[in-house]
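**Student:** Take this structure first; my questions come after.
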Amino acid sequence: MKCSLLTPDRDPMGTAMADFYKNGRAAKLRVLSSQFEEDEIPVAQLFRTFDEMPPLEQEALRLANGKILDCGAGSGCHALALQDMGKDVEAIDISPRSVEVMQQRGVKHAYCINLFDDNFLTKYDTILMLMNGSGIIGKLENMGMFFAKMKQLLNPGGCIYMDSSDLRYLFEDEDGSFLIDLAGGYYGEIDFRMQYKQVKGAPFDWLYVDFQTLSYYASENGFKAELLQEGEHYYYLACLTLL
Ligand code: SAH
């Protein structure tokens, strides 16, 4: 698992966010994958306000307490909403451009840090991983490392709020039967690459995990997973606490 930071010349999403923040609009942020057709991320969505957030995200923000970490914070939409609620939040991201945008937007504590950096050892009561936040784990094989990191960062009684879609809806037939290639890896392990204008990012792994699989890995690693809310496309919010 790499735990480096992005450089501005290979940071398409951060460049798109910087453009959007400066000009109020952005070009197409392209998402490429060997497994799917090309897609795009509407850049405005990365700047959503509390009222524009899906109910699951709003619920995670309401539940967040004590010292909060917004992990993979992007433009800082959750961090800003938490600050408005008077909560104590720090935001980290591997994208230097997005950290700049967060600072310009008024996020008081925004840092360019990789979650998995061994030197990152601050303690938190709440860790937020939102907008398919399980993605940062990359692959199922990194679950052990992820939970070990969470043990280092969480105060006693602390909690991680994580959301994900279960990609099974992409493989389901209309009659509800479920077609996946069992010889392949886990169906939620996706490789992505992003491009914004001429800025091409390196490929990266992104993990969508169904709740049952998440619960299994949580219990293997001394955590308990609780399902808090569900939305469409098997989208859910989970709370992970130390056993
Ligand atoms: N949470 C934001 C952004 C989601 S996009 C929102 O909901 O709008 C995911 C973000 O995670 C990107 O900005 C990416 O740069 C960041 N990221 C990816 N891997 C990371 C890691 N290991 N540590 C910290 N941030 C990471």
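**Student:** If the requirement is being of a type in the set (Phe, Trp, Tyr), out of contact with any Ser or Thr (no Cβ under 9 Å at 6 or more places or on another chain) and either surrounded by fewer than 17 Cβ atoms within 10 Å (Cβ to Cβ) or part of a strand (DSSP E or B) (or both), which of these qualifies: Tyr216, Tyr161? Before you say what the answer is, go through the steps one by one.
**Tutor:** On the way: Tyr161 fails: out of contact with any Ser or Thr (no Cβ under 9 Å at 6 or more places or on another chain).
On inspection, the qualifying residue turns out to be Tyr216.
**Student:** Sticking with this structure for a sec: What number of residues within region 16-56 satisfy the criterion of being farther than 30 Å from Cys239 by Cα and touching a helix residue (DSSP H, G or I) at 6+ places or on another chain (Cβ under 6 Å)?
**Tutor:** 6
**Student:** Just need a number here: residues in region 1-31 that are of a type outside the set (Lys, Arg), within 16 Å of the ligand (Cβ to nearest atom) and over 18 Å from Gly72 (Cβ atoms). Show your work before the answer.
**Tutor:** Of region 1-31, the ones of a type outside the set (Lys, Arg) are 1, 3-9, 11-21, 23-24, 26-27, 29, 31.
So of that shortlist, the ones also within 16 Å of the ligand (Cβ to nearest atom) come out as 1, 3-9, 11-21, 26, 29, 31.
Checking which are over 18 Å from Gly72 (Cβ atoms) leaves us with 9, 19, 26.
Counting residues in region 1-31 that are of a type outside the set (Lys, Arg), within 16 Å of the ligand (Cβ to nearest atom) and over 18 Å from Gly72 (Cβ atoms) gives 3.
**Student:** Examine region 84-94 for a residue that is buried (at least 24 other Cβ atoms within 10 Å of the Cβ), among the hydrophobic types (A, V, I, L, M, F, W, C) and touching a helix residue (DSSP H, G or I) at 6+ places or on another chain (Cβ under 7 Å), and state whether such a residue exists. It would help to see each step written out before you state the result.
**Tutor:** Of the residues in region 84-94, the ones buried (at least 24 other Cβ atoms within 10 Å of the Cβ) are 89, 91, 93.
Filter once more, so that each one left must be among the hydrophobic types (A, V, I, L, M, F, W, C): 89, 91.
So of that shortlist, the ones also touching a helix residue (DSSP H, G or I) at 6+ places or on another chain (Cβ under 7 Å) come out as 89, 91.
Scanning region 84-94 turns up at least one residue that is buried (at least 24 other Cβ atoms within 10 Å of the Cβ), among the hydrophobic types (A, V, I, L, M, F, W, C) and touching a helix residue (DSSP H, G or I) at 6+ places or on another chain (Cβ under 7 Å).
**Student:** Now for a different question. What is the residue count in region 71-90 for residues that are in contact with a Leu (Cβ under 8 Å, 6 or more places away or on another chain), near the ligand (Cβ under 10 Å from one of its atoms) and without any contact (Cβ under 8 Å) to a residue 60 or more places away in the chain?
**Tutor:** Residues meeting the conditions: 3.
**Student:** If you take just the strands (runs of 3 or more DSSP E) that sit entirely in region 37-146, which of them hold at least 1 residues that are under 26 Å from Asn221 (Cα atoms) and touching a Cys at 6+ places or on another chain (Cβ under 8 Å)?
**Tutor:** On the way: elements: 39-41, 67-71, 88-93, 110-112, 124-129.
In region 37-146, 88-93, 124-129 are the strands (runs of 3 or more DSSP E) which contain 1 or more residues that are under 26 Å from Asn221 (Cα atoms) and touching a Cys at 6+ places or on another chain (Cβ under 8 Å).
Taken together, the values in this text are just the output of simple stated rules run on the coordinates, not laboratory data. Keep in mind the model is a prediction, meaning the values are calculated, not measured. Backbone-built Cβ (ideal geometry, glycine too); neighbour counts: all protein chains shown.
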